[in-house]
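Reading through the structure tokens given below for one structure.
All of the numbers you see were taken from the coordinates with simple rules; none came from a lab. Quick caveat, the model's predicted, so the values are computed rather than measured. All Cβ positions, even for glycine, are placed from backbone atoms using ideal geometry, and neighbour counts span all protein chains on display.
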2 protein chains.
Amino acid sequence: MNKKIVIAIDAMGGENAPNKNIEGIALFIKNNQNKNDYFFNIFGDKEKILKEVKKYNFSENLFEIFHSSTIVSDDETPLTAIKSSKDSSMWNSINSQITINSDISLSAGNTGVLFVISRMLLKTIDTVSRPALAGLWPNKKNMNVVLDLGANVECDDVNLVDFAEMGSALYKSLFPDDVAKVALLNIGSEEIKGTETLKKAYTKLKDISAYGDFEFNGFIEGNKITDGASNVIVTDGFTGNIALKTAEGTAKFITDSLKESLTETVLSKISIIFSYFALKKFKSKLDPRKFNGAIFLGLKGPVVKSHGSTDAVGFYHSIDLCYRIIKGDLMNKIKSNLSHASDKR
Amino acid sequence: MNKKIVIAIDAMGGENAPNKNIEGIALFIKNNQNKNDYFFNIFGDKEKILKEVKKYNFSENLFEIFHSSTIVSDDETPLTAIKSSKDSSMWNSINSQITINSDISLSAGNTGVLFVISRMLLKTIDTVSRPALAGLWPNKKNMNVVLDLGANVECDDVNLVDFAEMGSALYKSLFPDDVAKVALLNIGSEEIKGTETLKKAYTKLKDISAYGDFEFNGFIEGNKITDGASNVIVTDGFTGNIALKTAEGTAKFITDSLKESLTETVLSKISIIFSYFALKKFKSKLDPRKFNGAIFLGLKGPVVKSHGSTDAVGFYHSIDLCYRIIKGDLMNKIKSNLSHASDKR
């Protein structure tokens, strides 16, 4: 029998923890009843966790609880985190990738602290110039991987090339039957557009795409991110963060306006009865909980960050992401891809 | 009697020119019948323009046509533009701000060429470090001015401060009864976040806000652009362009998904009958034609760029923008604001 996929869960991170975290695990187990290839190491307040676990009647073969007495607060800054977060549920969860058998960690806690602890405990892969934060983003055909989303405010061309290789590895882990198609986010699609860094990265990526880790689609503008022609969108952390948050803000602005319009008059309220299923499907397609989970790439072990404010369904989607990342053999794919990137430095 | 507001129109720029350009003028005249304070200098193929003008039966007191024999093509690059675009409708339109009495120019033609010609003919204001491209963006309360949208790929803190002062001048020209509230686009709202350039600009803007040209709201994240707490969003041209286009792409992606859902089943199609007015209102509120028009700020005369692909209604909104810019005394407001910025350099 193959080794099980072991997911370390920080049960205490995020709003409404550990309730939503444990309910998220319950949803995963419910949706994967026919599988026997996963196991959870759950970290946090043992008593509270047990109380939640009992609600769902998990099989004992599926999990183990490890007591952690402290929790990383949302106010903690990365500067003091290393000292004060030792032995917290977050710390112990990540550390279990080294000390015991966890393949991947998931936390909905403080992002900055999670990044610092992960980097310190797991260490950066030797051939990676900089680790990056990758996210999922809906597109017309399926889903994009977008990186970096804020881990590196300024990036050079070597970093961008590494991001392209790591993003492609992630895409192929999640969608093994699909081709990774890389594009560099820029303010025009012509080769002469943008910063010197982007132009250099363009030339290198064109070269490296010969290895076949990804197709290279050149530059892409912000309005083409969702059109599905490319599925690995590469950018520096500043631009990626602005783009992601602007898209989130725009989506909220539009759906709020729609809601307002549809509930304004009696007639429009009646229309909701008829369009109920259509609107439900529309809402479900763009449900941000389906895209919940940012992935730290470039460390010697993978770490996933769930939105702190998401609910059990969102947390479930992050768990599912962890499962697919390990099932898709992300770490070996990253190593293989990066050997091509460093060949060309 | 006060001097009339004289708007120079490049009638040959953009798709479906000169038809949409002249129809746009007709819409403006129709909506401003009670006013007697504006005049159009129209540049382009005289015969074609006259043919269109006759359709709408304009009063002869409202316009003059100036024949231009050539047109700047969309394929023209800014590099060769100066030589080859001389005496084009675009060139003559901008030049009329110097040679005759035009207060402002409007074109829906080639953006890069328009920028180069405008800069060469009108020249940069002495106290401006760099001209910028500003756009309008809906927010929950009203409208944002966002700049730079792509004229300057890289910017320093002095540029960003100038953008804040010019953006505030534009905002106050368009909305004289409102207060300009400046925010710097960043990846976090805390003072310590972002690049060194942004931190320096932050300190300077905090200082300069004492002059009262604007309130300074500090850093803003991408998801807060539309919430209305700030209305002058300042950023470098690379980031601004990415943010604008990402927002456009997201808006299109969501409204396309909605359309798809609402036309999928018979039941949902029936719902459209009931929600017709609500959906129409929703659509109208976010109609991009209402926000059509990017403004070149920092030159000795103002120039407005309409989207090339917009229709007569979109072009009308750009004309209205030109009218309000001059009515609001933009140029003097810019000069006054900039004197405060240069005081603090």
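Taking 17 Å as the straight-line reach from the Cα of residue A:181, the aspartates and glutamates in range (excluding those fewer than 8 positions away in the same chain) are A:148, A:162, A:165, A:207, A:213, A:215, A:221, A:227. What the pair-distance distribution of the protein assembly as shown shows, using all Cα-Cα distances binned every 20 Å from zero, is 17, 45, 30, 8, 0 percent. With its label point defined 7 Å out from Cα along the Cα-to-Cβ axis, residue A:59 lies at 8.5 nm from the matching points of the other copies, in increasing order.
DSSP assigns beta bridges within chain B; of those with both partners inside it, close to 30 percent run antiparallel. Region A:36-108 and region B:26-94 have Cα centres spaced 69 Å apart. When residue A:260 is represented by a point 7 angstrom out along its Cα-to-C-beta vector, the spacings to that point in the other copies are 2.7 nm, nearest first.
Counting, for every residue in A:251-263, the Cβ atoms of other protein chains within 10 Å of its Cβ and taking the mean gives 6.
Judged by the mean number of other Cβ atoms found within 10 Å, the most tightly packed of the peptides B:128-140, B:257-269 leads the ranking B:128-140, B:257-269.
With a cut-off of 14 Å between beta carbons, the residues surrounding residue B:9 carry a summed charge of -3, where Lys and Arg count +1 and Asp and Glu -1. Label-point spacing at residue B:112 relative to the other copies reads 4.1 nm, in ascending order, each point sitting 7 Å out from Cα along Cα→Cβ. Sorting the segments A:297-309, A:55-67 by their mean number of nearby beta carbons within 10 angstrom, highest to lowest, gives A:297-309, A:55-67. With 0.36 nm allotted per residue and the present C-alpha distance subtracted, the residue B:207-residue B:283 stretch has 23.3 nm of extension available. Our note on the geometry: Cα centres of region A:209-261 and region B:229-254, 12 Å apart. Once divided by 2.2 N^0.38 Å, the Cα radius of gyration of chain A becomes 1.02.
Separation of the alpha carbons by more than 27 angstrom is noted, of B:193/B:224; A:259/B:305; B:141/B:327, for A:259/B:305.
Sorted by packing (mean other beta-carbon atoms within 10 Å per residue), highest first, where do A:172-183, A:112-123, B:7-18 land? Mind dumping the intermediate values first?
Values: A:172-183: 18.4, A:112-123: 20.6, B:7-18: 25.9.
Most protected by this proxy first, the peptides run B:7-18, A:112-123, A:172-183.
Over the whole of B:217-225, what's the average partner chain Cβ count within 10 Å per residue? Rounded to a whole number, please.
Details: counts 0, 0, 0, 1, 7, 10, 11, 3, 6.
Taking all residues of B:217-225 together, the mean is 4.
Roughly speaking, what is the centre-to-centre gap between region A:126-151 and region B:268-282 when only Cα atoms are used, to the nearest Å? The two parts, judged by their Cα centres, are 38 Å apart.
Close lysine pairs were tallied over region B:1-77: pairs 8 or more places apart or on different chains with Cα atoms under 17 Å apart number 12.
Kindly identify region A:29-176 as rounded, prolate or oblate by the Cα gyration tensor criterion: order the square roots of the eigenvalues as a ≥ b ≥ c, call it rounded if a/c is under 1.5, otherwise compare a/b with b/c, prolate if a/b is larger, else oblate. Mind dumping the intermediate values first?
Details: a/c = 2.13, a/b = 1.29, b/c = 1.65.
Taking the square roots of the gyration eigenvalues as a ≥ b ≥ c, region A:29-176 is oblate.
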